[in-house]
Each structure stands twice: as structure tokens, then as C-alpha cells.
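The values are calculated or read from the model by the stated rules, or taken from the named source; none is laboratory data. Computed from a prediction, not measured in an experiment: that's the story for all the values here. Methodologically, a virtual Cβ is constructed for each residue, glycine included, from the backbone with ideal geometry; neighbour enumeration extends over all protein chains shown. All accessible areas refer to the heavy atoms of the entire protein, side chains included, with ligands and DNA or RNA removed. Shrake-Rupley method; radii C 1.70, N 1.55, O 1.52, S 1.80 Å.
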Amino acid sequence: GITFIGPSPEALRILGDKITAREAMSRAGLPIAKGSPGSISDPEEASQIADEIGFPVIIKAAAGGGGIGMQVVNSADEFESALKLCQGRARSAFGDDRVFLEKFIEGAQHIEFQVLGDGTDAIHFGERFCSIQRRHQKILEEGPWLSEEVRADIGSRVVEGAKAVGYKGLATFEFLRDAQDEFYFLEVNPRVQVEHTVTEMVTGIDLVTTQLALAQGASLTELGLAQPVTPRGQAIQVRINAETLDASGQPHPSTGMLSAFEPPNGPGVRVDTCGYVGYRPNPRFDSLLAKLIVHAPHGTYAQALAQTYRALCEFRIEGLATNRRLLQDLLCDDAVRANAVHTQFLDGKLADLANTNGDAHP
């Protein structure tokens, strides 16, 4: 008598395995990067497949997520150690040591589409741009980002992908985009994601409430949802984490107690948080303390950046170290302002940003 909110077990079995997900989405018409036809376990065979694909390649865990069990391989002599490392991490994290090969797309941008299905029909709400990440974990997301033509093209494909597996509930279809503007399907996240707030702000649609209505038996038609869903303005989300950065820019959890916690407010400012005065982060869980989302309903990307920066400055947090200064530095970075970043961008900046002085920003 219990109705689970979200996709069916059958859809989860397909999408929860990255190998079967690639196959299913390829049949549905989504662009797929070159890769191994299935799981691989022999270093020599993997090396031969990589030669055919072309170096560099990336080894991925079939049951993986969160960047766990992923390793970039640049040459054949690296395969044996990289393969064992990925298999060990996959076995430890997921109880499944199957891995596969995929072409590694250098300098790629990470773009994802928000999708909602009712088990028969599906609709997309546009894209989010989330290339500012470290260790495959995003810390800044924004949207919209694509032209109307590209949004309509990729959006129609993800809708077909959702229909192909009878998807019900919220899903995020993730892609990499290379320097030639070609898209490559990564995976489907069959759940509500941290950055769903960006889409809610630019569409004005409460995605969580909508998913609950679908679970109660409503259809997309009955909810009045149809294409196109036109984004309004620009939204940016930054993740405020309870952490410190060492000299190399690597994060470490921050412990202690919040002695002051006053989120910013005002038009277009939203804060989703677990924080309060007296709160102590549990070191066994994620360091995410708050999500700050800023929406410029009639503004440009530059205006949204400025509003986000101001909101960060107004956010009073005491008693715990956070990554707020890092986020402020990023919002002032020339490449970020030009929206000319890729998934390896932050890795190359962390050490410099970690060692900046405490002077006020312009």
C-alpha cells in the first residue's frame, strides 16, 4: 500500500547502471561518447580498446556516482594500476567492481537538463550550467545558458530518453560539451538534485510539489505542464560548505558551532539551509551548510553575479570556517565572468584562491 515517490524499480535498474543507461539512451537518440561495449576487467583488453578510442580515456564505475571510481588514463602503461584502483574503489563504495571505458573529453563543459516524467509522457524545464566543480562535486550552478535552438534540440532528446524507460518523477540528464560544441551523454540522476533550485527560480515551478502530485496519480496534462517552458531571467546557486582549504587548495571539514548565522534576504534571494545558532555539523555527513540562490528575473548573467556577490557579503556566519571567500573570489574571476570555464577550471585555481589575502574585493 506504499507508493514510492520517483521512478519505478525497472527504470532505476536501467539508469542506475551506467553501462545499460548508455545503451538505452543511445537507442533513444542521445549522443554518446565512444566507449567500451560493456564492462572490462583485463588491462590488456582495456588498453586495446583505448587505442581504438584514442587517449586520453576515463575509467568509470558502472554503478558509480559522485565521481567515485573514476580515473583518467593518458597512456597504455597506466592501465593496470588505474584499473585496479577503480575496481577497488567501486567495490568498496558500491559493492560492484564493474568498470567501463569512455573517451575523456578535455576542457569539457558540464551541462544538465531537468526532466519530469509521469510514466508515459515527459517534459523538460531547460538546462543548468555546472562546470565549476572540484573532484566532480559542483559548487556553483547557473541557468539558463544555451540558445533557444540548442535547448530545444537537446531538450527534445532527453524527453525521448525519459519516455523510453517510462520515467516517473524528477530526473537530471547530464552531458559534457566539448570545444566543438558537441554534446555527450554522461548519466541520468534519477532524483531531486541539490541544484534543482536554479530551475525552480527561472521557471517559477515548484518541482518538489509537482513530483509529489505525480506520485499521487496526476499526469503532466492534468498539471497543465507542456513544452515549451520558457526560462525567465538568470539564476545562480552557490554551495556554502563548512570547510577550510589547505595550502594546496584541498578542502577539509570545519568543526565547531555556529555562534552567529544570519542569511541574506531581499528580492530574488533564497537560502536553503540546515544552519542555526548553536548548530554543530556532523563530521560523518556532507559539509554542505547552505545553498544561496539568487534570481535576477529581468537581468543578465553579469547582474546575477553581482547580486550573488552582494548576498554572500551580507551572509553573516561565525563560529565555523566556510568556503565563502572562495565563492567570492570565483564570482570576481575574469573567466567566470566571461562564462568561459570548464570542468577542470577550478582544479587549476584552488591553490591560488586558497592563498589569497583578506583584502576586500572591488
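Of 340, 306, which residue is modelled with pLDDT of 95 or more and either in a loop (DSSP other than H, G, I, E, B) or farther than 21 Å from residue 352 by Cα (or both)?
Of 340, 306, the one residue that is modelled with pLDDT of 95 or more and either in a loop (DSSP other than H, G, I, E, B) or farther than 21 Å from residue 352 by Cα (or both) is 306.
Every residue in the stretch 194-217 that is in contact with a helix residue (DSSP H, G or I) (Cβ under 8 Å, 6 or more places away or on another chain), assigned to a helix (DSSP H, G or I) and either open to solvent by 10 Å² or more (accessible area, probe 1.4 Å) or modelled with pLDDT under 95 (or both), please.
Scanning the stretch 194-217 gives 196, 200, 208.
Quick one: which residue in 45, 106 is open to solvent by 40 Å² or more (accessible area, probe 1.4 Å), more than 23 Å from the chain's Cα centre (by Cα) and either under 30 Å from residue 240 (Cβ atoms) or of a type in the set (Asp, Glu) (or both)?
It is 45.
Suppose we keep only residues that are in a helix (DSSP H, G or I) and among the hydrophobic types (A, V, I, L, M, F, W, C) within the stretch 1-34. Which one would you say is farthest from residue 170 (Cα to Cα)?
19
Can you work out which of the residues in the stretch 272-300 that are outside any loop (DSSP other than H, G, I, E, B), out of contact with any helix residue (DSSP H, G or I) (no Cβ under 7 Å at 6 or more places or on another chain) and hydrophobic (A, V, I, L, M, F, W, C) is surrounded by the most Cβ atoms within 10 Å (Cβ to Cβ)?
289
Determine which single condition residue 238 fails, assuming it passes every other condition in (1) open to solvent by 10 Å² or more (accessible area, probe 1.4 Å); (2) assigned to a strand (DSSP E or B).
(1)
With respect to residue 59, determine if the residue is in contact with a strand residue (DSSP E or B) (Cβ under 8 Å, 6 or more places away or on another chain), β-branched (Val, Ile, Thr) and part of a strand (DSSP E or B).
The answer is yes for residue 59.
What is the number of the single condition among (1) modelled with pLDDT under 95; (2) under 18 Å from residue 138 (Cα atoms) that residue 238 does not meet?
Condition (1) is where residue 238 drops out.
What single numbered condition from (1) in contact with a Leu (Cβ under 7 Å, 6 or more places away or on another chain); (2) open to solvent by 10 Å² or more (accessible area, probe 1.4 Å); (3) not in a strand (DSSP E or B) fails to hold for residue 150?
Every condition holds for residue 150 apart from (1).
Inspect the stretch 257-270 for any residue being touching a Pro at 6+ places or on another chain (Cβ under 7 Å), surrounded by 12 or more Cβ atoms within 10 Å (Cβ to Cβ) and either modelled with pLDDT under 95 or under 30 Å from residue 104 (Cα atoms) (or both) and give the result as yes or no.
no
Got a number for residues in the stretch 87-103 being under 21 Å from the mean Cα position of the chain (by Cα) and small (Gly, Ala, Ser)?
Summing the residues that are under 21 Å from the mean Cα position of the chain (by Cα) and small (Gly, Ala, Ser) in the stretch 87-103 gives 2.
Quickly run through the stretch 153-188 and pick out the residues that are out of contact with any Lys or Arg (no Cβ under 9 Å at 6 or more places or on another chain), in a strand (DSSP E or B) and open to solvent by less than 20 Å² (accessible area, probe 1.4 Å).
174, 175, 188 - these are the residues of the stretch 153-188 that are out of contact with any Lys or Arg (no Cβ under 9 Å at 6 or more places or on another chain), in a strand (DSSP E or B) and open to solvent by less than 20 Å² (accessible area, probe 1.4 Å).
Open to solvent by less than 40 Å² (accessible area, probe 1.4 Å) and assigned to a loop (DSSP other than H, G, I, E, B): is that true of residue 225 in this structure?
For residue 225, the condition - open to solvent by less than 40 Å² (accessible area, probe 1.4 Å) and assigned to a loop (DSSP other than H, G, I, E, B) - is met.
Count, please, the residues in the stretch 64-120 that happen to be among the aliphatic types (A, V, I, L, M), assigned to a strand (DSSP E or B) and in contact with a Pro (Cβ under 9 Å, 6 or more places away or on another chain).
So the answer is 2.
Quick check: anything in the stretch 246-260 in contact (Cβ under 8 Å) with a residue 12 or more places away in the chain, outside any loop (DSSP other than H, G, I, E, B) and touching a Lys or Arg at 6+ places or on another chain (Cβ under 7 Å)? Steps first, please.
Of the residues in the stretch 246-260, the ones in contact (Cβ under 8 Å) with a residue 12 or more places away in the chain are 246-251, 253-260.
Filter once more, keeping what is outside any loop (DSSP other than H, G, I, E, B): 251, 253, 260.
Restricting the remaining residues to those that are touching a Lys or Arg at 6+ places or on another chain (Cβ under 7 Å) gives 260.
Checking the stretch 246-260: at least one residue is in contact (Cβ under 8 Å) with a residue 12 or more places away in the chain, outside any loop (DSSP other than H, G, I, E, B) and touching a Lys or Arg at 6+ places or on another chain (Cβ under 7 Å).
Return the only residue of 125, 113 being under 29 Å from residue 303 (Cα atoms), within 11 Å of the chain's Cα centre (by Cα) and buried (at least 19 other Cβ atoms within 10 Å of the Cβ).
Values: 125 fails: within 11 Å of the chain's Cα centre (by Cα).
Within the list 125, 113, the selection yields 113.
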